[in-house]
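Read the structure below first, then the notes.
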Amino acid sequence: MSNSSEQGASVNLPALPDQMLPAISNLTSSLGIPRDVLAPDVEIKYAWNDLPRELSHIPSTLRGELVARMCVAVSTGLFDGAINYAWNATILHIRQMVREFGLSVVAQTLQKDFEEKQLLELQDNQLLDLSLKLGLISEDGFFFLSQCRDTRNNFSAAHPTIGKINDREFITFLNRCTRYALATQDLHRGVDVG
């Protein structure tokens, strides 16, 4: 899996608007809830400052709506939402990798019918298993992406959470999604052995 020439281009995000962090405090205050139900200002600033480094490894073709939503979530300290957007972008890209590999080749490999419908019905863990079997992700990638799946299932806005994550945990999560899936531009094509 080689890097595309689009990767490595620096991403320059605008500075957080001066009113952003005070607005979060004003919001929690107006709702009568403690400010600490959301990420502290310092964590938002650190995550925002670290975000361009990770984004620069994602090809521009994959920096779409989900990545934009992830950035907005980070800017307000909603790391649980940001995780969900990053994970969804990762899963969509892995599905595309399987499509590019060739659904007919996947069917031959699995020795059963495998069409778009089956691809879309795969749960995330099944998609990771299949991608490892096809060689689309490495064993390291499988390990770290499986950890990301667990993090997403237990600490993101996708499900009731068992706790909160901080800026470092979010950036590590994004780094793993990027390194083992989103930064992969050269998709492997299967060979139809039929």
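Quick look at the values:
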read-out: Hits in the stretch 16-57 - residues which are open to solvent by less than 40 Å² (accessible area, probe 1.4 Å) and more than 20 Å from Asp80 (Cα to Cα); value: Ser56
read-out: Number of positions in the stretch 60-86 that are within 18 Å of Leu145 (Cβ to Cβ) and in contact with an Asp or Glu (Cβ under 8 Å, 6 or more places away or on another chain); value: 0
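The values are calculated or read from the model by the stated rules, or taken from the named source; none is laboratory data. All values reported here derive from a predicted model rather than from experimental measurement. Positions of Cβ are backbone-derived with ideal geometry, glycine not excepted, and every protein chain shown enters the neighbour counts. Accessible surface is based on the protein model in full, side chains and every heavy atom, while ligands, DNA and RNA are left aside. Shrake-Rupley method; radii C 1.70, N 1.55, O 1.52, S 1.80 Å.
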